[in-house]
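Read the structure below first, then the notes.
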Amino acid sequence: MTVHLLCGPDEVSREDAVRELVAGVRLPSDFADVNTSRFDATSYTPEAFRFACEAMPFLAECRVVICRGVAASLGAREARAAARRSTNGTADDEPSSGQVVARPAKGKRGASAPTAPAKTPEQALADYLPEIPGATLVLFVEDEAPASATALGTAFTRPGMVTRNFPIPEGAGLERWLRTRAQEFAGPGAPSSGAITADAARLLASYVGTDMRLASNEVRKLVTYAGPGRAVEARDVELLSPQTTATAKIWELSQAILDGQRSKAATRLAQLLDASDMRPEQVISSLRSAITQHLSVQELEQRGQPDATIARELRMQPFAVKMVRERASRLGERALIYLHRRTLEADLSLKTGRQAPRLAIELLVVELSARAVQAMQLQAQRRG
């Protein structure tokens, strides 16, 4: 058997791969649980893992061992230990929990030989991976691959190790992901042209963002609603995904405001208030979140973080990070802080009854749009 590292933020595709690999070894259904061991960050110990890997299969040809988050946990533990050693200037006096310590050998007259340095749990696991018996399939399921410079990062590149990465799809890739998912859910009853139209997949992709579990659930719901023989259409998405539709309209509203498009922003606001159950105070809260997102992206960019890291930390699509980063640059930090403060003040005004809710949000949208135009003009002058 082979050791597999399945990593990446697309947990839906990652779990599909786990099921496919486990199904591929064809464990007898009556003895599947007996021949399967599972570990996570809290249950893993080197001894228990070794025992699970080396146990003989019971009335089966192989065993399966699944480890979730174990590599990340060991890597984090090693990083903390390294930080302590750096701070103290010396190695830890006592091995941490789970460290593998070599026992001192006896010399000719009973004297103890020098003690071999203790292995960290991460190094112990890295050294053991090539020794795993061939009758055991081991799956490491991680949000991220171990850093290449670490012991485990190096170990997973050795012969016999298989690494598969599952990034969050974006753009056309996300649309393909949705179409493939719909085809799987529809099964033999899917239309020959596909279980979801291109327009419906594009619309749904704009709603679900980076939440792949939400995307999978929405596709299942839409395919079930369409029924056998009919493809999911854009009108189905609009009908059955009211929450994601409202999210998309909030995104469009915030984009229009921060781009200084007052007329478009007013139209989007009217559509949002008239065609959904969202209240003015919810709209203000959502706008504040959108402005906060721009500030967060700008802060991480100033720290030198690449778009991929920003997307992962803020749970955004990479293409959305680029759009937000460029817009934040056009507006400037001072303007974004001002816009954020004004949404807080408007929220307070609305909650204390100083203004009628509808009027408060309409005035706020006009003011923020105008301020965005001024900020962009000022930034342009400074660059010029």
Top-ranked residue in region 183-238 [being at positive phi and in a loop (DSSP other than H, G, I, E, B); ranked as surrounded by the most Cβ atoms within 10 Å (Cβ to Cβ)]:
Gly209
For region 12-37, enumerate the residues that are loosely packed, with under 15 Cβ neighbours inside 10 Å and within 30 Å of Glu218 (Cβ to Cβ).
Arg19, Glu20, Ala23, Gly24
In the list Ala195, Ala172, Ala182, which residue meets the criterion of being free of Cβ contacts under 8 Å to residues at least 24 places away in the same chain, more than 30 Å from Ala81 (Cα to Cα) and hydrophobic (A, V, I, L, M, F, W, C)?
Ala172
Reported set for region 345-355 where residues are among the aliphatic types (A, V, I, L, M) and loosely packed, with under 12 Cβ neighbours inside 10 Å is Leu348
Are any residues in region 344-374 of a type in the set (Gly, Ala, Ser), more than 33 Å from the chain's Cα centre (by Cα) and over 15 Å from Val283 (Cα atoms), and if so, which ones?
Gly353, Ala370
Among all residue pairs at least 6 apart or on different chains, which show Cβ distances below 6 Å where the first residue, located in region 146-169, is under 20 Å from Ala308 (Cα atoms) and the second is surrounded by 15 or more Cβ atoms within 10 Å (Cβ to Cβ) and basic (Lys, Arg)?
Phe166/Arg14
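We did not get these values from a lab; they are worked out from the coordinates using the rules stated. If you're wondering where the values come from, they're calculated on a predicted model, not measured in any experiment. Here the Cβ is made from the backbone with ideal geometry for all residues, glycine too, and neighbour counts use every protein chain on show.
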